[in-house]
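S.K.: Below is one structure. I have some questions about it.
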Amino acid sequence: MSAPGLAVPPHVARAAVEWLVALQGHDVDEATRARWRHWMAQDPDHARAWSHIEAVNTRLRGVASPLAAAVARAALTPPRSASRRHAVRALAVVFAGGASAWAVRDHAPVRDWLADARTAVGELRRLTLDDGTRLWLNTDTAVNVAFTSTERRIVLLHGEIYIETARDSQRAPRPFVVTTHDAMLEPLGTRFAVRQLADGGWIGITEGAVAIRPLANASAERVIAAGKQAHYTSTTVDAPRPLPEADTAWTDGMLVATDMRLADFLNQIDRYRPGRLRCAPAIADLRVSGTFPLADTDRILDALRTALPVRIHFLTRYWTTVLPA
């Protein structure tokens, strides 16, 4: 995966959006397409801006979103109208990649669809970044990657990632940082997992160490060593605890359970299935052990039926409940 390039100049972004809107029109003709191709060939920035727009459109294709709706509205509005000019200006800010665009990205779901890398529910993905760092994305995860001449930064928007950092080959090595909603993480030559939670974040270190600096309380910084895990918020970092190897088994596409409560086990499986997976309270404390392939959650549910006194009730494909047999 290539790191994002420099921001597109605002006037070029606006011109690119104008072309996008023009080409979305129902009456576009070959002469218009020829003028667009001429514009593309005039300047490398033009081609770069258009490539960026195409990449975003690929993410939005077939998905209802504020950006897709704005493009559609602009295409259907008379060229000289105020509403069309407003839509074009707003879209240009997003596609330019400048500071204002990052502000727009902070609002889900637009932020997630514009992420540099993302996974759907149940999808696992592995990337190699430009410096050789390896990055794993767990289910339903979105990240931005910002490599500059002075820094290598990964922004975890939501979900969970596992990182194996590489040594920077530049003459002046750039620091590597990971930012989440709550903290800045500075790995010290390491392998580690980070997960965004509703009440903060979780980190597990398998090699090296990571310094955690809460964004609202830098004095609470704590270094977590290999073999440890910790929960953190924007103001605190909990004392580290031992890290079970099973907590990062998802990087190999597996879920490992050792005497795990059935309710907790199903909560984990629920992360990899669209819809809702629930457990009846009467069987919540049954115990599960084993190694399960995350790529086939239906197969996991079938295995539960043979191993435990339970039955699986499918109200729909997206609403599943595990009940007493």
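S.K.: Being surrounded by 17 or more Cβ atoms within 10 Å (Cβ to Cβ) and not polar (S, T, N, Q): is that true of LEU304 here?
M.R.: yes
S.K.: On to the next question. Need at least 3 residues that are more than 20 Å from ARG222 (Cβ to Cβ) per element, so show me which strands (runs of 3 or more DSSP E) inside segment 116-189 make the cut, counting only ones lying wholly within it.
M.R.: Here the list reads 125-128, 134-137, 142-147, 152-158, 160-164.
S.K.: Go through (1) surrounded by 13 or more Cβ atoms within 10 Å (Cβ to Cβ); (2) in the same structural domain as THR180 (by TED's automatic domain parsing) and name the single condition ALA284 misses.
M.R.: ALA284 satisfies all of (1) surrounded by 13 or more Cβ atoms within 10 Å (Cβ to Cβ); (2) in the same structural domain as THR180 (by TED's automatic domain parsing) except (2).
S.K.: Let me ask something else. Taking the conditions exactly as written (within 26 Å of VAL177 (Cβ to Cβ) and either among the hydroxyl-bearing types (Ser, Thr, Tyr) or at pLDDT below 95 (or both)), does ASP247 satisfy them or not?
M.R.: It is true that ASP247 is within 26 Å of VAL177 (Cβ to Cβ) and either among the hydroxyl-bearing types (Ser, Thr, Tyr) or at pLDDT below 95 (or both).
S.K.: Quick one: which residue in THR148, THR141 is hydroxyl-bearing (Ser, Thr, Tyr) and crowded, with 18+ Cβ neighbours inside 10 Å?
M.R.: The unique qualifying residue is THR141.
Listed here are the residues, each with its yes/no results for (1) of a type outside the set (A, V, I, L, M); (2) surrounded by 11 or more Cβ atoms within 10 Å (Cβ to Cβ); (3) modelled with pLDDT of 60 or more.
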| residue | (1), (2), (3) |
| --- | --- |
| ALA16 | no, yes, yes |
| ASP45 | yes, yes, yes |
| VAL56 | no, yes, yes |
| ALA68 | no, yes, no |
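S.K.: Continuing with the same structure: Of all residues in segment 206-222 being aliphatic (A, V, I, L, M) and over 25 Å from the mean Cα position of the chain (by Cα), which is nearest to ASP247 (Cα to Cα)?
M.R.: ALA220
S.K.: Same structure again: Select from segment 145-181 the residues that are among the charged types (D, E, K, R) and farther than 16 Å from ARG118 by Cβ and write down the one among them that is nearest to the chain's Cα centre (by Cα).
M.R.: ARG153
S.K.: Quick one: how many residues across segment 206-243 are hydroxyl-bearing (Ser, Thr, Tyr) and under 11 Å from LEU185 (Cβ atoms)?
M.R.: Of the residues in that region, 1 qualify.
S.K.: Could you tell me whether any residue of segment 196-203 is in contact with a strand residue (DSSP E or B) (Cβ under 9 Å, 6 or more places away or on another chain) and either loosely packed, with under 15 Cβ neighbours inside 10 Å or β-branched (Val, Ile, Thr) (or both)?
M.R.: yes
S.K.: Within the group ARG311, ARG317, ARG278, which residue is surrounded by 12 or more Cβ atoms within 10 Å (Cβ to Cβ) and either under 26 Å from the mean Cα position of the chain (by Cα) or within 24 Å of TRP136 (Cβ to Cβ) (or both)?
M.R.: Matching residue, one of ARG311, ARG317, ARG278: ARG278.
S.K.: Further question: Anything in segment 222-239 that is out of contact with any Pro (no Cβ under 7 Å at 6 or more places or on another chain) and under 19 Å from GLN196 (Cβ atoms)? List them, or say none.
M.R.: ARG222, HIS231, ASP238
The values are calculated or read from the model by the stated rules, or taken from the named source; none is laboratory data. As the structure is a computational prediction, the values presented were derived from the model and not from experiment. All Cβ positions, glycine included, derive from the backbone under ideal geometry; neighbour counts span all protein chains shown.
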